[in-house]
Amino acid sequence: MATEDPFGPIRSLMSSKRIQMDAGEFHAAVNEVFHAFEAPVYDEVHQDMWRSLPRQFELLANELVDNDSETIVPQISVLDVGCGTGLATDLLLRSPLGKFVNEVTLLDPSTEMLELAMHRSRDWKIDVQPRVGVLCDLPEDATYEFVIACSVLHHIPDLAGFCRELTRITPTGGHLLHIHDPNGDISQDREWEARTLRLKRSLAPRTSKDRFSLPHMKGKFWSMFPWLRKKSYLDRVNEELRRRGLISSNLSSEEIWRITDLRVYDDIGIQISHLKDLLAGFRLINHRSYGFFGRLWSDLPKELRPEEERMIEDGRKDGAFIGALWQRD
């Protein structure tokens, strides 16, 4: 069951920072500023997604192509919700579903993100329409045979409203694919906790030579003297928030992410059982999990990658991230 007040954690933070404004408005403002300054570095910061998510798109796409190919229309009109820099559409086009796609609408509230996605779209060889906004901004008669949302749901305060809009724009027989959502079903999983502990131990320096290696010492140095780093995009986020009068003192990186990534930090995450209630007009075709040690495959030590790969192939559901494929009834 999702929390009744998705802004609860934000309210606590706002109180500690003596921020006097509506929590929803504050969340929206921080999101806007954050994504504007994250856009130029998004692909660099999220290289792990570019390296690890193609396999997840392929597996979900194969499930549809292999078992429900008769439900796929010959020329798919795609909506990429919260398209960012175009990652989801790019990976979808590379998947077995790519050959069915003939047009895509890129939807994002960030003009900075949308510009980068449109630049990437030059290589797609399909019709691409950019649109600044969110789902409720789409025309009443807008429909799309295939909707994708990659790394989006954890940003959404009103999941129920978001799902109603998905139902509105997806015609009977249409499909929804969402991916890279925080798995809310592993919070009390002891196997999951044991695996993350194994990763922590694997990453810890094991000898005095490891502890005094150049990479480890550089990490310690920058943690002790962070102000010597080149100004980061998060510094610019704080500067803009202060310029707008939204904060009086800087937010830490974790505080910023607690605001923007609501459902990563609410101890609930995204639960398939909850989505089944919210997406009452959809049938769940399949869902997958990955990140079984808490990180994506590309960020794991080499000795843990084969185990991650086996669990992905086995279709286990107890990884840090989930992806799912639905069909509109």
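Does V81 meet the test of being modelled with pLDDT of 95 or more, surrounded by 18 or more Cβ atoms within 10 Å (Cβ to Cβ), within 29 Å of W257 (Cα to Cα) and out of contact with any helix residue (DSSP H, G or I) (no Cβ under 6 Å at 6 or more places or on another chain)? The answer is yes for V81. Looking at S213, S208, just one residue is surrounded by 12 or more Cβ atoms within 10 Å (Cβ to Cβ), at pLDDT below 95 and more than 30 Å from T85 (Cα to Cα), and that residue is S213. Inspect the range 23-38 for any residue being over 18 Å from D261 (Cα atoms), out of contact with any Gly (no Cβ under 7 Å at 6 or more places or on another chain), part of a helix (DSSP H, G or I) and not small (G, A, S) and give the result as yes or no. The answer is no, given that none of the residues of the range 23-38 is over 18 Å from D261 (Cα atoms), out of contact with any Gly (no Cβ under 7 Å at 6 or more places or on another chain), part of a helix (DSSP H, G or I) and not small (G, A, S).
Looking only at residues of the range 273-310 that are among the aliphatic types (A, V, I, L, M) and out of contact with any Asp or Glu (no Cβ under 8 Å at 6 or more places or on another chain), we find that the one that is farthest from A149 (Cα to Cα) is L304.
Given the criterion at pLDDT 95 or above, out of contact with any Cys (no Cβ under 7 Å at 6 or more places or on another chain) and more than 30 Å from R11 (Cα to Cα), identify the matching residue among E103, E140. I'd like the intermediate steps shown before the answer.
Numbers: E140 fails: at pLDDT 95 or above.
The match here is E103.
Only a single criterion out of (1) at pLDDT below 95; (2) under 17 Å from L159 (Cα atoms); (3) not hydrophobic (A, V, I, L, M, F, W, C) is not satisfied by S253, namely (2). If you filter the range 286-329 down to residues that are surrounded by 15 or more Cβ atoms within 10 Å (Cβ to Cβ) and among the small types (G, A, S), you find that the one that is farthest from R51 (Cα to Cα) is A324. For the range 159-195, which residues satisfy the criterion of being charged (D, E, K, R) and more than 27 Å from V101 (Cβ to Cβ)? Hits for the range 159-195 are D185, D189, R190, E191, E193, R195. Restricting to the range 263-278, name every residue that is among the aliphatic types (A, V, I, L, M) and either closer than 19 Å to T196 by Cβ or surrounded by fewer than 22 Cβ atoms within 10 Å (Cβ to Cβ) (or both). Within the range 263-278, V264, I268, I270, I272, L278 qualify.
Matching residues to (1) of a type in the set (F, W, Y); (2) buried (at least 19 other Cβ atoms within 10 Å of the Cβ); (3) modelled with pLDDT under 95; (4) touching a Leu at 6+ places or on another chain (Cβ under 8 Å):
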{"residue": "P9", "(1), (2), (3), (4)": "no, no, yes, yes"}
{"residue": "S12", "(1), (2), (3), (4)": "no, no, yes, no"}
{"residue": "A29", "(1), (2), (3), (4)": "no, no, no, yes"}
{"residue": "A36", "(1), (2), (3), (4)": "no, no, no, no"}
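The single residue among D48, D66, D43, D80 that is more than 28 Å from S252 (Cα to Cα), within 18 Å of the chain's Cα centre (by Cα) and either in a helix (DSSP H, G or I) or among the charged types (D, E, K, R) (or both) turns out to be D80.
Taking the conditions exactly as written (over 15 Å from the mean Cα position of the chain (by Cα) and either part of a helix (DSSP H, G or I) or surrounded by 15 or more Cβ atoms within 10 Å (Cβ to Cβ) (or both)), does R55 satisfy them or not? Spelling it out, R55 is indeed over 15 Å from the mean Cα position of the chain (by Cα) and either part of a helix (DSSP H, G or I) or surrounded by 15 or more Cβ atoms within 10 Å (Cβ to Cβ) (or both).
The residue that is surrounded by the most Cβ atoms within 10 Å (Cβ to Cβ), among those in the range 134-156 that are under 29 Å from F7 (Cβ atoms) and acidic (D, E), is D137. From the set of residues in the range 75-86 that are in contact (Cβ under 8 Å) with a residue 40 or more places away in the chain and of a type in the set (G, A, S), which is nearest to E44 (Cα to Cα)? Filtering the range 75-86 for residues that are in contact (Cβ under 8 Å) with a residue 40 or more places away in the chain and of a type in the set (G, A, S), the one nearest to E44 (Cα to Cα) comes out as G84.
Scanning the range 1-40 for residues that are within 27 Å of S248 (Cβ to Cβ) and of a type in the set (G, A, S) gives G8, S12, S15, S16, A23, G24, A28, A29, A36, A39.
The values are calculated or read from the model by the stated rules, or taken from the named source; none is laboratory data. These numbers come from a predicted model, not from an experiment. Glycine gets a Cβ as well: all are built from the backbone with ideal geometry, and neighbour counts include every protein chain shown.
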